[in-house]
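Written below as structure tokens is the structure these notes are about.
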Amino acid sequence: IGPVSANNEQFMIYGPDAVEPPYLSLRTFAKFDMDFDFSAKRLNLFSSDHCEGKVTYFSTSAIAVIPYEDGQFEIAVNLDDHVAKAHFFGEYPESVMGLDEATKLFGLTSYSPGMEPVRKDGNLLGYRHIFSSLALEGITIRNTPFLIVPEKLKDMFKEKPTGSLIDESPYKDVRIEMAIGRNVQRQLHIYIAAKEHK
């Protein structure tokens, strides 16, 4: 990829009826720092051999430094004054939460005000709800829509690929309460410092 190459990479092989497109996971680039510049539609790869914390080469008015588990990208977020654990890099186009989690954290049910039904081909997928603030260690994103789905989020992660090649779901025994989708990610400039796990 550009001037960067890697050897002995693992790929998931799907059957003839698979609908998943081929993709490269974040684990493919685990030996490099990754810089996602969404506004420029650019992925930059950097050497991870640098002084700790000396990574932000771009100017910004606000920055958050968030540690993550190796390959799992589980982070703490604050959604409308509720601290929760979220999976940050998933395949979801929008942020998602299970109805059980929405009820437990916010008292939301399918009949609550602001729960807009979302349908596809006449089938109910879930409900869209807009939360007033999503905070990531000092960076706040206002009016963030979440898709509230009937399944428990933990079960969703066990059934769908997360973009990594981990043999067993990292969420088997962990209570993940939501996933941050691309609707939030594309508002950010994200730098992943691989060796520091931040």
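The values are calculated or read from the model by the stated rules, or taken from the named source; none is laboratory data. Keep in mind that this is a model prediction, so the values were computed, not measured. Here the Cβ positions follow ideal geometry from the backbone for every residue, glycine too, while neighbour counts run over all protein chains shown. Note: areas computed on protein heavy atoms with side chains; ligands, DNA, RNA excluded. Shrake-Rupley method; radii C 1.70, N 1.55, O 1.52, S 1.80 Å.
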Theoretical FRET efficiency, 1/(1+(r/R0)^6), r = Cβ-Cβ of Y14 and V83, R0 30 Å, to 0.05: 0.20
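How large, in percent, is the carbon and sulfur part of the accessible surface of region 1-150 at a probe radius of 1.4 Å? Each step should come with its number before you reach the end.
Working: 5070 of 9560 Å².
Accessible surface attributable to carbon and sulfur in region 1-150 totals 53 percent.
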Under 5 Å between amide H atoms, partner at least 5 residues away or on a different chain: which partners does R128 have, H built in plane at 1.01 Å? E116, V118, I148
Pop the C-beta distance of E52 and E91 into the FRET formula with R0 = 22 Å and round what comes out to the nearest 0.05. 0.10
Can you flag which of K104/K198; K41/K195; K31/K54; K31/K198 are past 19 Å Cα-Cα? K104/K198; K41/K195
For S61 and K198, compute 0.36 nm times the residue count separating them, minus their Cα-Cα distance, and round to one decimal in nm. 47.4 nm
